[in-house]
Amino acid sequence: FNPPPHSHQNQIKMVGTTSALPRMGLGMAALGRPGYINLGREASNSGIGPPEVRTVEVMRDASDAAMRANVRLAAVSGELPWFDCARSYGRSEEFVGNFFRKEGINPSEVYVSSKWGYSYVAGWKVSLGDGEPHEVKDHSLENFNRQVLETAEKIGDEYLNLYQVHSATFESGILTDTAVHEALHRCRQERGWALGLSVSGPRQSEVIREAMKIFVDGERLFDSVQCTFNVLEQAAGEALTEARDAGMDVVVKEGLANGRALLHPALVAACEAGGAFAGGKPD
């Protein structure tokens, strides 16, 4: 995509021919809240500890450590450090925004994305009662108008580069709601943020192709798509290629299948042979 002339995104290092995205980013889903689906989260060497010790302070410290490491790694690679949040990732936006201000990081020194569409309702608990959700989905115009302001406040309007619809589906109505499309378009014009969508579920390919058809005032609405893609799940590969060919950025999520890819017997055997588990084999 081509950022508007007034946008701070002009300071983003361009990668490849059209993409403004760094190659790697730090996902904050498992850092901004105490409960998540990553494997090995209970392990003693996970750096987080068992659920009963995952206070806000502990998770904030773990997030700060991960973010500092992300900054250092990005400096080595010569790219901007990328941080990916969501309204439903607990306190991820708060942690990231406070980290930037505490460390004196300039908006031109980072790339930041977040998502709207889900609200975190678990109340900082790991285990809930039967049928109680950790997050609630709502792709309505009212929810967008509320969450875009929350994101701008928590992270800082000046830091955000990419705002994404969280888990777009046909059922949520986001693909046909023209009022939301127009509000997203205005957001891009007024705030200078790129727009994206993340997809999940068995109909990811169909959702991607439908999203590619959405235009507002002659402009494609979505600049990027974030999709699950790893050695165990590649069903959306063709649709992602089509999106890329159409000029959209492709963001891979769950690239290690939430840790499952790391437990593949062939990979474990190769790591053992190379001495990679000197510090302890993953659970």
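Rundown of residues vs (1) modelled with pLDDT under 95; (2) of a type in the set (Asp, Glu); (3) on the phi > 0 side of the Ramachandran plot; (4) outside any loop (DSSP other than H, G, I, E, B), yes/no style:
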position	(1), (2), (3), (4)
Gly32	no, no, no, no
Gly35	yes, no, no, no
Ala43	yes, no, no, no
Ile48	yes, no, no, no
Asp64	no, yes, no, yes
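Identify, please: which residue in region 86-140 is within 19 Å of Gly173 (Cβ to Cβ) and of a type in the set (Phe, Trp, Tyr) and is, among those, most open to solvent (accessible area, probe 1.4 Å)? So, considering only residues that are within 19 Å of Gly173 (Cβ to Cβ) and of a type in the set (Phe, Trp, Tyr), the one most open to solvent (accessible area, probe 1.4 Å) is Tyr118. Note on region 137-171: residues that are assigned to a loop (DSSP other than H, G, I, E, B) and within 14 Å of the chain's Cα centre (by Cα) amount to 2. Looking only at residues in region 127-159 that are touching a helix residue (DSSP H, G or I) at 6+ places or on another chain (Cβ under 8 Å) and within 28 Å of Pro51 (Cα to Cα), the one that is modelled with the lowest pLDDT is Ser127. Does region 229-241 contain at least one residue that is under 23 Å from Asn161 (Cα atoms) and among the aliphatic types (A, V, I, L, M)? Yes, the conditions are met somewhere in region 229-241. With respect to the stated conditions, Val251 is open to solvent by less than 70 Å² (accessible area, probe 1.4 Å), part of a strand (DSSP E or B), within 19 Å of Asn161 (Cβ to Cβ) and touching a residue at least 60 places away in the same chain (Cβ under 8 Å).
Exactly one residue out of Glu206, Glu182, Glu272, Glu190 is modelled with pLDDT of 95 or more, farther than 24 Å from Ile155 by Cβ, of a type outside the set (Ser, Thr, Tyr) and in a helix (DSSP H, G or I): that is Glu206. Considering each residue of region 183-203, count those that are in contact with a strand residue (DSSP E or B) (Cβ under 6 Å, 6 or more places away or on another chain) and over 21 Å from Ser140 (Cβ atoms), and give that number. The number of residues fulfilling the criteria is 1. Of all residue pairs spaced 6 or more apart or on separate chains, those with beta-carbon atoms under 7 Å, a first member in region 174-191 that is within 18 Å of Gly218 (Cβ to Cβ) and a second member that is among the hydroxyl-bearing types (Ser, Thr, Tyr) are Cys187/Tyr163. When we screen Ala183, Ala269 for residues that are hydrophobic (A, V, I, L, M, F, W, C) and open to solvent by 30 Å² or more (accessible area, probe 1.4 Å), the only hit is Ala269.
Kindly evaluate Asn258 against the criterion of being assigned to a helix (DSSP H, G or I), surrounded by 15 or more Cβ atoms within 10 Å (Cβ to Cβ) and of a type in the set (S, T, N, Q). Against the criterion (assigned to a helix (DSSP H, G or I), surrounded by 15 or more Cβ atoms within 10 Å (Cβ to Cβ) and of a type in the set (S, T, N, Q)), Asn258 qualifies. Kindly check whether there is at least one residue in region 217-233 that is surrounded by 13 or more Cβ atoms within 10 Å (Cβ to Cβ), part of a helix (DSSP H, G or I) and without any contact (Cβ under 8 Å) to a residue 40 or more places away in the chain. No; the residues of region 217-233 include none that is surrounded by 13 or more Cβ atoms within 10 Å (Cβ to Cβ), part of a helix (DSSP H, G or I) and without any contact (Cβ under 8 Å) to a residue 40 or more places away in the chain. Entry remark, region 74-85: residues being part of a helix (DSSP H, G or I), touching a residue at least 40 places away in the same chain (Cβ under 8 Å) and either under 22 Å from Arg191 (Cα atoms) or open to solvent by 20 Å² or more (accessible area, probe 1.4 Å) (or both) number 1 in total.
A Cβ distance below 7 Å, combined with a sequence gap of six or more or placement on separate chains, defines the contacts here; from region 102-123, residues that are touching a residue at least 40 places away in the same chain (Cβ under 8 Å) reach residues that are surrounded by fewer than 19 Cβ atoms within 10 Å (Cβ to Cβ) and among the small types (Gly, Ala, Ser) in the pairs Ala122/Gly35.
The values are calculated or read from the model by the stated rules, or taken from the named source; none is laboratory data. Source: prediction; values computed, not measured. Note: ideal-geometry Cβ built from the backbone for every residue, glycine included; neighbour counts use all protein chains shown. Quick note on the areas: whole protein, heavy atoms, side chains included, nothing else; ligands and nucleic acids left out. Shrake-Rupley method; radii C 1.70, N 1.55, O 1.52, S 1.80 Å.
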